[in-house]
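What follows is calculated from the coordinates using simple rules that are stated; it is not laboratory data. If you're wondering where the values come from, they're calculated on a predicted model, not measured in any experiment. FYI the Cβ positions are ideal-geometry reconstructions off the backbone, even for glycines, and counts take in every protein chain you see.
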Amino acid sequence: MSDLPISEQITFLYTREMAKSMHFYEEILGLPLALDQGGCRIYRVTGRAYVGICERDTAPTAPEGVIFTLVTPDVDAWAQRLEGYGVPFEKRPAVHEVYGIYHCFVKDPNGYLVEIQRFLDPDWDGASG
């Protein structure tokens, strides 16, 4: 691990429609707003990890190569919540044997893949690391 300090982590995603993104991240996912910068809204995901949603005319219409993953001990409860809001699944909850995870995928209103996952590998040290 680096001996240089890191105090927080923010992933920035872009949108052309802030209102739809606000609904998804605030109401459906239930993430608390940490900072409203006008064109960017930063949400606390956990501890000192954040996701920033920024409105840009140049936001990709079909983003590729980004998976925003939320790790949880209860993938099924999250799947029920998403289903209750009418969010369509890209992949319903299932075990992925190769990676040793249980997960599902949905897309946010901007087309970014959102993965809800639990590590099955006992060597995962995320909660203690």
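Structure summary
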| read-out | value |
| --- | --- |
| Test: residue in region 119-127 that is assigned to a strand (DSSP E or B) and either of a type in the set (Ser, Thr, Tyr) or without any contact (Cβ under 8 Å) to a residue 12 or more places away in the chain (or both) | no |
| Residue count for region 73-88, restricted to those that are surrounded by 14 or more Cβ atoms within 10 Å (Cβ to Cβ) and touching a strand residue (DSSP E or B) at 6+ places or on another chain (Cβ under 7 Å) | 5 |
| Out of Tyr43, Tyr50, Tyr112, sole residue that is touching a Pro at 6+ places or on another chain (Cβ under 8 Å), in contact (Cβ under 8 Å) with a residue 40 or more places away in the chain, hydroxyl-bearing (Ser, Thr, Tyr) and within 25 Å of Glu8 (Cα to Cα) | Tyr112 |
| Filtered residue count, region 2-20, keeping only those that are touching a residue at least 12 places away in the same chain (Cβ under 8 Å), more than 12 Å from the chain's Cα centre (by Cα) and within 17 Å of Asn110 (Cα to Cα) | 6 |
| Pairs, first under 10 Å from Val114 (Cα atoms) and in contact (Cβ under 8 Å) with a residue 40 or more places away in the chain in region 65-94, second among the hydroxyl-bearing types (Ser, Thr, Tyr) and surrounded by 13 or more Cβ atoms within 10 Å (Cβ to Cβ), C-beta under 6 Å, six or more apart | Val66/Tyr112; Phe68/Tyr112 |
| Scope region 46-96; condition closer than 14 Å to Asp108 by Cβ, aliphatic (A, V, I, L, M) and not in a helix (DSSP H, G or I); matching residues | Val51, Ile53, Ala59, Ala62, Val66, Ile67, Leu70, Val87 |
| Test: residue in region 1-10 that is surrounded by 11 or more Cβ atoms within 10 Å (Cβ to Cβ), closer than 22 Å to Lys91 by Cβ and out of contact with any Pro (no Cβ under 7 Å at 6 or more places or on another chain) | no |
| Tally of residues being in a loop (DSSP other than H, G, I, E, B) and exposed (fewer than 15 other Cβ atoms within 10 Å of the Cβ) across region 19-45 | 5 |
